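Take a look at the structure below.
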Amino acid sequence: MASHSHDHAHAAAGEIAKPNTAHIWKTFWILLAATAVEFIVAFSLDNKAARVSIFLALTIVKAFYIIGEFMHLRHEVKVLIWSILLPLIFICWLIVALLVEGTAIGEARM
């Protein structure tokens, strides 16, 4: 007869394991801090260019954090991450280029 050893680290059959909420709270506090910084910047900076730059930077940081945590992309292989990230970078560059060129054309006509 084979002897079976029980590992006491695993929950027994029918027992519900305690949820690990520490990771969820860490994500909550990081996103809350970034949002609080955005809120402070919105009401304290008079320089519009600096305010918009900080908003864009924090929005990108929050977006990558949300994608990494909630879409579980952080734990994927690097090739998958780059296959999603690289087209996104080019699309953002395209949008910025179109806005800059459109503004230049609009100003030239006036």
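The values are calculated or read from the model by the stated rules, or taken from the named source; none is laboratory data. Predicted model only: the values in this text are computed from it and were never measured.
Being outside the structural domain of Val96 (by TED's automatic domain parsing), of a type in the set (Ser, Thr, Tyr), modelled with pLDDT of 85 or more and more than 15 Å from the chain's Cα centre (by Cα), is that true of even one residue in the range 24-39? Taking every residue of the range 24-39 in turn, none turns out to be outside the structural domain of Val96 (by TED's automatic domain parsing), of a type in the set (Ser, Thr, Tyr), modelled with pLDDT of 85 or more and more than 15 Å from the chain's Cα centre (by Cα).
Could you list, in sequence order, the residues of the range 31-84 that are within 30 Å of Thr21 (Cα to Cα) and among the acidic types (Asp, Glu)? Within the range 31-84, Glu38, Glu69, Glu76 meet the criteria. Reported count of residues in the range 12-40, each being assigned to a helix (DSSP H, G or I) and farther than 24 Å from Ile67 by Cα, is 1.
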